[in-house]
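Q: Sending over a structure as structure tokens; questions will come in a sec.
The values are calculated or read from the model by the stated rules, or taken from the named source; none is laboratory data. Remember, predicted model here, so these are calculated numbers, not experimental data. Note that each Cβ is placed from the backbone with ideal geometry, even for glycine, and that neighbours are counted across all protein chains shown. When the accessible area is computed, the model is the full protein with side chains, heavy atoms only, and any ligands, DNA or RNA have been set aside. Shrake-Rupley method; radii C 1.70, N 1.55, O 1.52, S 1.80 Å.
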Amino acid sequence: MKRIFFVVIVFVSLTGYVKANTTIFNDDFNTENGGIANSSTLNYNSFANWAVSGGTVDLIGNGYYDFLPGNGLYVDMDGSSSNAGIMTTNLDLSAGMYILSFDLAGNHRNSSPEQVDVKVGALFSDSYSLSQNVPFTTFTEFFNVVTPGIYSLSFEGIGGDNMGMLLDNVSVSTIPAPGAILLGSLGAGLVGWLRRRRTI
């Protein structure tokens with residue numbers, strides 16, 4: 001009985017090292033410009049976490065050009081200059097697996113096809129296009145870092161009619177090492193097996 005109890009304690013202790021996903025970057029744009037969108041946030045370039053490295057984007061929502069009320073502030077990827085924008089931020093990434101998550105919505109104004117290209121350095125690249133009236137939709141992508149370093153995360157609006165796709169809730173999280181996940185599963189399984197054995 002003491003041996004079984006000791007084994008359970010060891011495995012429970014080891015499973016304590018299993019880590020959940022850790023968010024290393026998160027931006028919902030809601031604190032930009034004091035949480036207020038107005039005429040001064042058209043062609044906005046004062047983001048706390050982003051640089052507009054090309055074209056323009058609009059910060060909208062919270063009652064101002066608020067096509068999807070209830071989502072706070074968000075970004076129109078084709079600003080008010082007929083030159084769609086590129087938003088970039090730098091991520092300091094260690095080796096390992098990561099999850100990139102973001103919300104995109106249609107432009108909610110006309111049926112012209114719109115597109116957003118998303119890249120994480122040379123690690124990940126894809127294009128997204130949604131119909132006019134599609135609400136915010138969460139996209140979840142995975143990428144692997146072999147060489148630690150600084151990588152650029154970018155969202156690029158494709159178009160030039162001042163009516164781009166809408167962007168919100170960008171986050172990047174680490175994924176626990178497979179060995180840690182396996183260890184946690186084994187530990188939980190052993191505890192269940194030992195409990196079942198005691199009741200037989």
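Q: Of the residues in the stretch 101-134, how many are free of Cβ contacts under 8 Å to residues at least 60 places away in the same chain, outside any loop (DSSP other than H, G, I, E, B) and open to solvent by less than 40 Å² (accessible area, probe 1.4 Å)?
A: 6
Q: Determine which member of the set Ala105, Ala37, Ala48 is more than 21 Å from the chain's Cα centre (by Cα) and at pLDDT 95 or above.
A: It is Ala37.
Q: Report, by residue number, each residue of the stretch 90-100 that is over 15 Å from Asp168 (Cβ atoms) and part of a strand (DSSP E or B).
A: Within the stretch 90-100, Asn90, Leu91, Asp92, Leu93, Gly96, Met97, Tyr98, Ile99 qualify.
Q: Would you tally the residues in the stretch 34-86 being touching a residue at least 40 places away in the same chain (Cβ under 8 Å), open to solvent by less than 50 Å² (accessible area, probe 1.4 Å) and part of a loop (DSSP other than H, G, I, E, B)?
A: Of the residues in the stretch 34-86, 9 are touching a residue at least 40 places away in the same chain (Cβ under 8 Å), open to solvent by less than 50 Å² (accessible area, probe 1.4 Å) and part of a loop (DSSP other than H, G, I, E, B).
Q: Further, regarding this structure: Where residues in the stretch 135-151 are farther than 14 Å from Asp103 by Cα and assigned to a loop (DSSP other than H, G, I, E, B), which of them is most open to solvent (accessible area, probe 1.4 Å)?
A: Val146
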